[in-house]
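Undergrad: First, the structure itself, so that you have it in front of you.
All of the numbers you see were taken from the coordinates with simple rules; none came from a lab. Keep in mind it's a predicted model, so treat the numbers as computed, not measured. Ideal geometry is used to build each Cβ from the backbone, glycine not excepted, and the neighbour counts take in all protein chains shown.
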Amino acid sequence: MAKRRKKQRMNLWKLIFITLLLCTATAGGMAGAYLADVVRDLPPLTYLEPQPSLTSTVYARDGTPICHLHGEQNRIPVPFSHMPQDLIDAFVAVEDHLFWEHRGIDPRGILRALYVNVTTDELHGGSTITQQLAKNAFLSPERTLRRKIQEAIIALQLERCYTKEEILEMYLNQIPFGHGQYGVQAAARFYFGKDVQDLTLAECALLAGIARAPAYYSPYVDMDAARTRQAVVLQQMVKYGYITHEEAEQAKAQPIKLAGIPEPENNPAPYFVDYVLAHLLERHGKRMVYEGGLKIYTTLDPRIQEAAEAAVKSVLDPVYPLDSGKPYPQAAVVVMDARTGEIVAMVGGRTHTARLAFNRAVEAYRQPGSAFKPVVVYTAAFELGYGPASVIDDAPVAYEQISGELWTPENYDHQFRGLITLREALVDSVNVAAVKLLDQIGIETGWAMAEKLGITSLVKSGVRNDHALAIALGGLTKGVTPLEMTQAYGVLANRGVRVTPYAVIRVVDRYGNVLEENRPIRQAVISEETAYLMTDVLRDVIEQGTGTRARLDRPAAGKTGTTSEYVDAWFIGYTPQLVCTVWMGYDQPRLEDGQPARMVRPSGKGVTGGSYPAMIWREVMIRAHEGLPVMDFHQPPGIVRLRVCAKSGLLPGPHCPAEEIREEMFVAGKEPTGQCDVHVLVRVCKDHPEYLAGERCPETIERVCIRRREPYQPAEDGRVPLDANLEVPKETCPFHQPPAPEGETTPTSPP
């Protein structure tokens, strides 16, 4: 019986043991499954590296920062070597005093946290600095047991992969400090206006205190709370032997000088940055630009940018105040290095209210007026063999349009000059001459040249298109931008070589990898001789033509542009070093009633390209060239100079008046060889020299007259070329004739 009871007891213990074993196995299996599920969601543990959102920085070409680009998190990474020892000690003392000793987790802290989590409704932290890095860099912010286990696993792996210094560097560059500032460098600049390496002990302790709860301990929110937390940090530093009690007391007594919450970033080149930003977003995407910690090196010259901004203000603000309550004309400026295509300055408007705002320098397609004549007419003609001495007849002309109506181009002064050289026609911006010349060379030839020079906005098809002679006067369907015109004139400045404008030199990612690198793109599109001839003519525009307000103390060339009703006004010019375009106009070319938005000066006169735009251009270029050597335009060897007659473009003949003979330049091999056939000697009546001599004229004289190659038709209102009175008379003198038959009378005086 006793033996049976003993056996039963053994069976009971065996059952209990088996039951416990099964329970343990089940619990272990469940724990293992739970742990496997926890691990499954972890990032790869072979090599962990935080990928925080980093602020991107835009630099000028001299290396100075222009602005910062970031999303919600402004984070500027800084190496551990730049972090002051007081800052490191402050964070270790208050956040994790065993940081230099543990392997990523503090077992006692973990057990303490688990006990609190199991026995109460609270969730205790107990995290080391390494665990906090794991949480901030790799995990969601939720406070659950599952996340705490993941945090511990990642912390252990981080300690295997990195040194303590590397972990602390990542942590201090990661954590938030409130107001959108992340990492100690951004925080140091935001709160104290200095780099982290320049912080005092008091400032280091304050930052370490803010990190616990930025919304509460920010000195911008509550300075008393921030100073109280600072005192706690300093006490911890004393407790663990990082500083003395006296040093702590001195730091507590030190006044805290805050930088003040800055206004929204006001960079010195907002439209230039917008242009760069649009390029970056298209090329690299929003996340990379705003969070990738890119270093963007640009072509901006801060000195020239400042000059452009100042010139617009000084010229226009006194005339069209921004605070007048009335609509005011806008302006745009582009300055480009003529040899490389680097955009060194850009003004896209007189005010800038939002990032990626409407940028008139690159987005405003407007009518260029006479500034388009060199682009679509004269450069094309010079390439075909015409030259500054070629002659055209500025006389009345009419062209039949597709609609059947006649178009009669007019000059700005409503006069006709007669036979003039192409130099005179361009210098005085004679419209009729430009239209006639384009008609001679062909619209398609003008199109091709404009595109060679960099114009991409011509409309070649559709109901409304640019297949019209009006393009000679800048009458375009879509218009052109200031940047396009800068590139086009840059070809002339750069001896016939087109350079593509660019603003970004190099883009480097957070690891130092070059994502993008741009170099000058050059293409010879016209001959060097053509570029030089055009430049020489455009120099006269500034010296004695419509652009005299743009004169510099160095060689420069340029052209004015003014559209009908004074809606748009331009000045585009260049030196051998720089090209600059200035545009003025209202954003809406038409008013609500459909009338043109005319720009009027205080005098009541309309704004022309030779007025305010030329004045702005001059101010920009004077300052932009400070310190640059005075350079003349390079004359290629294939240029020759000859004395020619200005009415024929040929070598002077025996009857050419001295005042019509001038020196002109030609491409070698294309200079004239024949003599003037326009000035001829005719015999006229001395009493009535407007008539050819008749057989009975009592006295005759010889007179030099002009014989046109093609007859002209007077304008509808009777206007004729200014040199019409010099033409060979068409009639014989009627006042010295045989006696008239009976019943008729003989004229005795001019009618």
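Undergrad: Nearest 20 debye, what's the magnitude of the dipole of region 339-438 about its Cα centre given +1 on Lys and Arg Cβ and -1 on Asp and Glu Cβ? Walk me through the numbers on the way to the answer.
TA: On the way: 9 positive and 11 negative charges, 123 e Å.
Here the size comes out at about 600 debye.
Undergrad: Right, another one. Using 1/(1 + (r/R0)^6) with R0 = 60 angstrom and r between the beta carbons of Arg283 and Glu101, what's the FRET efficiency to the nearest 0.05?
TA: Once rounded, the FRET efficiency stands at 0.80.
Undergrad: Tell me which residues come under 5 Å, amide H to amide H, from Gly606 once H is placed; ignore anything under 5 positions away on its chain.
TA: When sequence neighbours closer than 5 places are left aside, the close amide H contacts are Arg601.
Undergrad: Related question: In percent, what relative contact order does region 215-341 have, based on Cα pairs under 8 Å that are 6 or more apart in sequence? Write down the numbers at each step before the final one.
TA: Numbers: 37 pairs, mean separation 14.5, N = 127.
Reported relative contact order: 11 percent.
Undergrad: Then there's this: What's the angle, to the nearest 10 degrees (0 to 90), between helix 612-624's Cα axis and the longest principal axis of the chain?
TA: 60 degrees
Undergrad: Which log10 I(q)/I(0) values, to two decimals, does region 367-480 give at q = 0.14 Å⁻¹ under the Debye formula with one point per Cα?
TA: Listed by q, the Debye log ratios stand at -0.52.
Undergrad: Right, another one. Just name one of Ser457, Pro589, Pro555: the one whose Cα is farthest towards the positive end of the charge dipole of the chain (beta-carbon charges, Lys/Arg +1, Asp/Glu -1).
TA: Going by the Cα projections, it comes out as Ser457.
Undergrad: Can you work out the FRET efficiency for the pair Asp195 and Asp587, with r the C-beta to C-beta distance and R0 = 41 Å, to the nearest 0.05? All intermediate terms of the calculation are to be shown ahead of the outcome.
TA: Working: r = 42 Å, r/R0 = 1.02.
Efficiency for this residue pair is about 0.50.
Undergrad: If you line up the long axis of helix 443-452 against the longest principal axis of the chain, both from Cα atoms, how many degrees apart are they, to the nearest 10?
TA: The helix 443-452 is inclined about 40 degrees to the chain.
Undergrad: How high is the relative contact order of region 306-410, in percent, with contacts defined as C-alpha pairs under 8 Å that are six or more residues apart? Before the final figure, lay out each step's value.
TA: Details: 72 pairs, mean separation 15.0, N = 105.
Relative CO of region 306-410 lands at 14 percent.
Undergrad: On to the next question. Long-range amide H contacts for Gln330: which residues qualify at under 5 Å (H placed 1.01 Å from N, peptide plane, sequence gap of 5 or more or a different chain)?
TA: When sequence neighbours closer than 5 places are left aside, the close amide H contacts are Gly585, Tyr586, Asp587.
Undergrad: Quick check on the exposure proxy: order Ile701, Ile616 from fewest to most C-beta atoms within 10 angstrom.
TA: Working: Ile701 13, Ile616 28.
Going from sparsest to densest Cβ surroundings: Ile701, Ile616.
Undergrad: Another question about this same structure. With +1 on the Cβ of every Lys and Arg and -1 on the Cβ of every Asp and Glu, and nothing else charged, how large is the dipole of the chain about its Cα centre, in debye rounded to the nearest 20? Don't jump to the answer; show the numbers that get you there.
TA: Numbers: 79 positive and 90 negative charges, 998 e Å.
Computed charge dipole of the chain: roughly 4800 debye.
Undergrad: Turning to a different aspect of this structure: Strictly over 25 Å apart at the Cα level, which of Lys373/Lys478; Lys326/Lys559; Lys452/Lys478 would you flag in this model?
TA: On the way: Lys373/Lys478 16 Å; Lys326/Lys559 30 Å; Lys452/Lys478 18 Å.
Violating the 25 Å Cα-Cα cut-off are Lys326/Lys559.
Undergrad: Still on this structure: Which whole-Hz ³J(HN,Hα) couplings does region 327-341 yield from phi under the Karplus relation 6.51 cos²θ - 1.76 cosθ + 1.60, θ = phi - 60°, glycine and proline marked x?
TA: x, 10, x, 9, 8, 9, 9, 10, 10, 10, 5, 5, 8, 10, x
Undergrad: Check Leu578: other-chain or 5+ apart residues with amide H under 5 Å from its amide H, H built from backbone geometry?
TA: Ala338
Undergrad: Let me ask something else. How far, in nm, would the chain grow between Lys257 and Ser461 when pulled straight, counting 0.36 nm per residue and subtracting the alpha carbon separation? Can you show the working numbers first?
TA: Values: separation 204, 0.36 × 204 = 73.44 nm, distance 6.56 nm.
Using 0.36 nm per residue and subtracting the Cα-Cα distance, I get 66.9 nm.
Undergrad: Full extension from Thr548 to Tyr365: what is 0.36 nm times the residue separation minus their Cα-Cα distance, to one decimal in nm? Working shown, then result.
TA: Numbers: separation 183, 0.36 × 183 = 65.88 nm, distance 2.64 nm.
Stretched fully, the Thr548-Tyr365 segment lengthens by 63.2 nm.
Undergrad: What is the angle, in °, between the Cα long axis of helix 85-95 and the longest principal axis of the Cα atoms in the chain? Nearest 10 is fine, range 0 to 90.
TA: The angle comes out near 50 degrees.
Undergrad: So, counting K/R as plus one and D/E as minus one, what does the shell of residues with Cβ under 13 Å around Val684 add up to?
TA: Values: positive: Arg683, Lys686, Arg703, Lys730; negative: Asp687, Glu690, Glu699, Glu702, Glu727, Glu731.
Net charge in that neighbourhood comes out at -2.
Undergrad: Counting DSSP beta bridges with both partners in the chain, what percentage is antiparallel, nearest 5? Present the calculation step by step, with values, prior to reporting the outcome.
TA: Details: 64 of 74 bridges.
Percent antiparallel among DSSP bridges in the chain is about 85.
Undergrad: Under 15 Å Cα-Cα from Lys286, which aspartates and glutamates qualify once same-chain neighbours fewer than 8 residues away are excluded?
TA: Within the straight-line cut-off, Lys286 pairs with Glu72, Asp274, Asp509.
Undergrad: While we're on this one: Considering only Cα-Cα distances, which of the following residue pairs are longer than 20 Å: Lys686/Lys730; Lys194/Lys257; Lys194/Lys239? Don't jump to the answer; show the numbers that get you there.
TA: Working: Lys686/Lys730 16 Å; Lys194/Lys257 11 Å; Lys194/Lys239 29 Å.
Over 20 Å apart, Cα to Cα: Lys194/Lys239.
Undergrad: Would you work out the relative contact order for the chain, in percent, from Cα pairs under 8 angstrom that are 6 or more residues apart?
TA: On the way: 1395 pairs, mean separation 81.5, N = 751.
Value for the chain: 11 percent.
Undergrad: Suppose the chain between Thr163 and Glu400 were pulled fully straight at 0.36 nm per residue; how much longer would it get relative to their current alpha carbon spacing?
TA: Numbers: separation 237, 0.36 × 237 = 85.32 nm, distance 8.37 nm.
Value of the extension gain: 77.0 nm.
Undergrad: What ranking of Phe192, Phe382 emerges when the number of other C-beta atoms within 10 Å of each C-beta is taken as an exposure proxy, fewest first?
TA: Phe192, Phe382
Undergrad: Out of every Cα pair in the chain, what percent are spaced more than 51 Å from each other? Intermediate results must be reported in sequence, preceding the final value.
TA: Working: 118601 of 281625 pairs.
Percent of Cα pairs beyond 51 Å in the chain: 42.
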